[in-house]
1. Please pick out the residue among Thr51, Thr33, Thr44 that is touching a helix residue (DSSP H, G or I) at 6+ places or on another chain (Cβ under 6 Å) and either surrounded by 10 or more Cβ atoms within 10 Å (Cβ to Cβ) or of a type in the set (Ser, Thr, Tyr) (or both).
2. Aliphatic (A, V, I, L, M) and surrounded by 12 or more Cβ atoms within 10 Å (Cβ to Cβ): is that true of Leu61 in this structure?
3. Among what's in segment 89-105 and is in a loop (DSSP other than H, G, I, E, B) and not small (Gly, Ala, Ser), pick the residue that is modelled with the highest pLDDT.
4. Looking for something in contact with a Lys or Arg (Cβ under 8 Å, 6 or more places away or on another chain), at pLDDT below 80 and surrounded by 10 or more Cβ atoms within 10 Å (Cβ to Cβ) - is there at least one such residue anywhere in segment 77-88?
5. Please go through segment 5-30 and give me each residue that is surrounded by 10 or more Cβ atoms within 10 Å (Cβ to Cβ), part of a helix (DSSP H, G or I) and not aliphatic (A, V, I, L, M), ordered by number.
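The values are calculated or read from the model by the stated rules, or taken from the named source; none is laboratory data. These numbers were taken from a predicted model, which means no experiment stands behind them. As a convention, Cβ positions derive from the backbone with ideal geometry for all residues, glycine included, and neighbour counts pool all protein chains shown.
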Amino acid sequence: MPVNVNDKIRSLPASQRRKVRARAAELMAEEMTLRELRKARKLTQVRLARTLKINQDSDLLLSTLRKAVAAMGGTLSLVAEFPDRRPVVLSTLGEGRSPLKIVDR
C-alpha cells in the first residue's frame, strides 16, 4: 500500500515536523528563477537592464547572466550534474583558465 508523504510527516513528533518543514523551506529557497531572484533582491527589470546596459528583452548569454548576478551582489556558479559522478562546477568559463573544478555537493 502506498504511503502518502503528508501522512508520514503528520505521524512524526512535532519537533521532527518542524525540522522537516525548515529543511524543505531551505531547499525551496535554494531553487529560484532569475525573476524570483531579481525580485528578492528588490530590483526591477528596467533597473537591472540599465545596470547591465542591455535591453530588458535581450536573450541572456552566460556572460550576461554572470553580470546580472554580479549586479545583484552575487556570483554565478554553473554546475554540471551526471548520474555517475560528483557534480562539476564549471568555473572561469570562457576566460582562458582551467575550466573545471570538482566540488562535493
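1. On the way: Thr33 fails: touching a helix residue (DSSP H, G or I) at 6+ places or on another chain (Cβ under 6 Å); Thr44 fails: touching a helix residue (DSSP H, G or I) at 6+ places or on another chain (Cβ under 6 Å).
Going through Thr51, Thr33, Thr44 in turn, the sole match is Thr51.
2. So Leu61 fails the test.
3. In this case the residue turns out to be Thr92.
4. There is at least one residue in segment 77-88 that is in contact with a Lys or Arg (Cβ under 8 Å, 6 or more places away or on another chain), at pLDDT below 80 and surrounded by 10 or more Cβ atoms within 10 Å (Cβ to Cβ).
5. Lys8, Gln16, Arg17, Arg18, Lys19, Arg21, Arg23
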